[in-house]
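Just below is one structure, and these are the notes that go with it.
The values are calculated or read from the model by the stated rules, or taken from the named source; none is laboratory data. If you're wondering where the values come from, they're calculated on a predicted model, not measured in any experiment. Cβ placement follows ideal geometry from the backbone for every residue including glycine, while neighbour counts extend to all protein chains displayed. These area figures cover heavy atoms from the full protein model, side chains too; ligands, DNA and RNA do not enter into them. Shrake-Rupley method; radii C 1.70, N 1.55, O 1.52, S 1.80 Å.
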Amino acid sequence: DLSIDNNQTTFYYDRATTAFTFTPLYTITDGGSSAVEILEPDEMIFTEGNLLYKGKKIALPTDLKKAEILNVSSYKLANDLLVGFVFNLDKKESGRAYRFNGRTFTNLDVKNSIPLDSRDGFPGASFGFGGDDNNFLVLYGGYDLLGYQVVNGKLIDLRQFFGLRLSDGGFAPLIIQQKRANETLWYICSKSDGEPRFIKFWQNSSNSIKGALSFTNILFGEKGLVTSAWCKTGKTPGEIEINVQQGGFYSKKIFTDNGFEQNKDYVLVTTNLFKDAGEILKANFNSLLACDDKVCGAGVLNNSLNFSVSGEGDKFKENSLGQDFIFPDFSKGLYWKITADNKNNGIDYSPWIDGLTSISYSWK
């Protein structure tokens, strides 16, 4: 956000995801004192070198026979289990996720198209799962947060929504799926003691995730103020109960998600990007990282967002990505702007804008 004009920009900026969205609406209420949250045990466990399912020993997946298993996580769907194995193989920590029908394991990413590898020197990753049979998340929580969404058997890479600020050193993910009208909402918390997290994903009423926001600092303050926090779904869609440990005292917070502020003119505008002396001639903009209700990528400019350029900070003119913008004579600056179309997509809609990653220009 260093190049953004905060005086003119009306989009909300989230420092954890380093992205711009509509302004989130929420309430946080005090739920009183609380007992420590007890997490349900996994149905599949790995102990003393044996993999146990419902108390009975079963064989590891064939492709993990030579691996050193470090930990196992599982999640129950309607009939099957999702199972994640974190393992060492050839001196490298990695993870693989499977669907287990009670007899056989099916690798969810048999081509390893979305590698789940721990960063060298930062071991200790663990899996988190959540969702339903036809729409679920697989998250690999290590120093880097990695993962994908599976929709009707199709893998969708989610790594563009993650960054080091979001993982913040790593945590064991707990995933809650909720549905409100046409929207699917996801809330990501932490099962790890000492590592509270609260992250929201949403789909813009589409079939896959289209945005991410962190509420960790909003709920828990600066790192270290809250010892641990455990989440569970609330009584209504958009409501999450959070049991918080602060020192030796336990309390409850109720987070109510009210979607995004829709009735607002949203603008994202830069400061002057041209730092040299002279007259700027032309510029070319590429690689917009953004999502709306239809697509992720530059296609949002054909649907929900408008992109324009200026040489003086006013009188912006529309421009297409990948197309040279020729500046008027004697232009002394380089500015770009994104505005959102005002259309009613429901309270849970917001575009997600990570920014432009490629700008080239020439001047004299």
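Just a few scattered comments:
- Cα pair distances exceeding 20 angstrom across region 85-202, given as percent: 41
- Per residue, region 26-183 exposes 52 Å² of accessible surface when a 1.4 Å probe is rolled over the protein heavy atoms with every protein chain present.
- Distance distribution note for region 1-146: the fraction of Cα pairs above 28 angstrom is 38%.
- Look at where the Cα atoms of region 221-236 and of region 273-288 average out, and the two centres are 44 Å apart.
- Per residue, the convex hull volume that the Cα atoms of region 167-319 enclose (Å³): 165
- Too-long pairs where the Cα-Cα distance tops 29 Å, listed order kept, from LYS92/LYS154; LYS76/LYS200; LYS294/LYS364; LYS210/LYS343: LYS294/LYS364
- Along region 218-235 the Karplus relation, 6.51 cos²θ - 1.76 cosθ + 1.60 evaluated at θ = phi - 60°, assigns HN-Hα couplings of 5, 7, 10, x, 5, 4, x, 6, 9, 5, 8, 8, 10, 10, 8, 5, x, 7 Hz to successive residues, with x for each Gly and Pro.
- Over the chain, dividing the summed -39,500 (n - 2.57) contributions of all DSSP H runs of at least 4 residues by the number of residues returns a 222 nm mean residue ellipticity of -500 deg cm²/dmol.
- With a simple spin-label model that places each label point 7 Å from the Cα along the Cα-to-Cβ direction, the separation between ASN134 and ASN303 comes to 2.0 nm.
- What separates the Cα centres of region 148-205 and region 80-137 is a distance of 15 Å.
- Å² per residue, accessible surface of region 255-304 at 1.4 Å: 41
- Protein heavy-atom surface of the chain, 1.4 angstrom probe: 48% of the accessible area is carbon and sulfur, with nucleic acids and ligands not counted.
- Labels on offer are (1) 1.09; (2) 1.02; (3) 0.96, and the one holding Rg/Rh (Cα atoms, Kirkwood Rh) computed from this structure is (2).
- The accessible area of SER358, taken with all protein chains in place and a 1.4 Å probe, comes to roughly 50 Å².
- Hz values of 3J(HN,Hα) by residue in region 19-30 - Karplus curve (6.51, -1.76, 1.60), Gly and Pro given as x: 9, 10, 9, 4, 5, x, 10, 7, 10, 10, 10, 7
- Shape call, region 200-277: gyration tensor on alpha carbons, a/c limit 1.5: oblate
- Residues listed by number, region 240-265, amide nitrogen under 11 Å from THR29 label point at 7 Å toward C-beta: 254-256
- FRET efficiency, GLU43 to ASN286 (Cβ-Cβ, R0 30 Å, nearest 0.05): 0.05
- Estimated FRET transfer efficiency when R0 is 45 angstrom, pair ASP90-ASN182 (beta carbons, to 0.05): 0.50
- Phi to ³J(HN,Hα) by Karplus 6.51 cos²θ - 1.76 cosθ + 1.60 over region 177-191, Hz, x for Gly, Pro: 9, 9, 10, 9, 6, 8, 9, 9, 10, 10, 10, 10, 10, 10, 8
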